[in-house]
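Working notes, beginning with the structure itself.
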Amino acid sequence: MCDYKLIKIERKVFNSNNIVLLPREIFNKFATDPAYLKVLISDDRNEIKISKSYYYFILSQLKENHLITENAISFKAAIPVIVSERGIEFDNSIMYIDDEDKLLIFIDNQSSKYKCSNCPVYAECVYGLKRIARQMGIKLGNLERELPHTLWLSLISKIVGKVVNNIKSVAVPLNA
């Protein structure tokens, strides 16, 4: 079960390969508050139709979380993480920027909005799944034998594996 969105991006996109580890609380806002997605994908405040103060509040959160730099989208993928006293847990969801077609692919596997068996966005979901796998150079399982939900979990797990295997160091300010 998931929540899936495929959205055309109007904001400038830096060709970045950065993968951002995003606190789950922030990631949830993209699923629950449409203003967050609107501010991420468009820099036209008047078109978004929210108050000026709320627009700049959201924009500052996006900049703080390394999603926007110099008024442009500056990440390739954002993966939600849950930080606890036991450590960091990677969540099986992703927000991905397809900079070839300027699309935002969003899937939240913690949501119960859609089920593969009667999904109204099935074709879009499969499109996004194949698109990310191709662009990231990751081999998918067989769509004829497995549900897209299962393949999404596998794809995100492989992306997380790439992230973890490429970590050299993490610089965190002491006052953070």
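The values are calculated or read from the model by the stated rules, or taken from the named source; none is laboratory data. Please read all numbers here as calculations on a predicted model, not as lab measurements. Cβ sites come from the backbone with ideal geometry, for glycine too, and all protein chains shown count toward neighbours.
The table below lists the values:
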quantity: When residues of the range 72-93 are limited to those that are touching a Leu at 6+ places or on another chain (Cβ under 8 Å) and free of Cβ contacts under 8 Å to residues at least 60 places away in the same chain, the one farthest from ASN15 (Cα to Cα); calculated: PRO80
quantity: Matching option when the condition is at pLDDT 95 or above and surrounded by fewer than 17 Cβ atoms within 10 Å (Cβ to Cβ), among PHE27, PHE57; calculated: PHE57
quantity: Residue among TYR36, TYR4, TYR55 that is touching a strand residue (DSSP E or B) at 6+ places or on another chain (Cβ under 9 Å), touching a residue at least 12 places away in the same chain (Cβ under 8 Å) and of a type in the set (Ser, Thr, Tyr); calculated: TYR4
quantity: Breaking point among (1) surrounded by 19 or more Cβ atoms within 10 Å (Cβ to Cβ); (2) under 11 Å from the mean Cα position of the chain (by Cα), for TYR36; calculated: (2)
quantity: All positions within the range 134-163 that are part of a helix (DSSP H, G or I) and either without any contact (Cβ under 8 Å) to a residue 24 or more places away in the chain or over 22 Å from ASP3 (Cα atoms) (or both); calculated: ARG134, THR150, LEU151, SER154, LYS158, GLY161, LYS162, VAL163
quantity: Residues being in contact with a helix residue (DSSP H, G or I) (Cβ under 6 Å, 6 or more places away or on another chain), under 25 Å from LYS76 (Cα atoms) and touching a residue at least 24 places away in the same chain (Cβ under 8 Å) - total across the range 112-128; calculated: 1
quantity: Set VAL81, VAL126, VAL160: member being farther than 20 Å from PHE27 by Cα, surrounded by 14 or more Cβ atoms within 10 Å (Cβ to Cβ) and of a type in the set (Val, Ile, Thr); calculated: VAL126
quantity: Residue in the range 75-83 that is aromatic (Phe, Trp, Tyr), out of contact with any Gly (no Cβ under 9 Å at 6 or more places or on another chain) and in a loop (DSSP other than H, G, I, E, B) present; calculated: yes
quantity: Qualifying positions in the range 100-127 - more than 20 Å from VAL81 (Cα to Cα), in contact with a Lys or Arg (Cβ under 9 Å, 6 or more places away or on another chain) and not in a loop (DSSP other than H, G, I, E, B); calculated: LEU103, GLU124
quantity: Among (1) modelled with pLDDT of 95 or more; (2) outside any helix (DSSP H, G or I), the one test that ALA35 misses; calculated: (2)
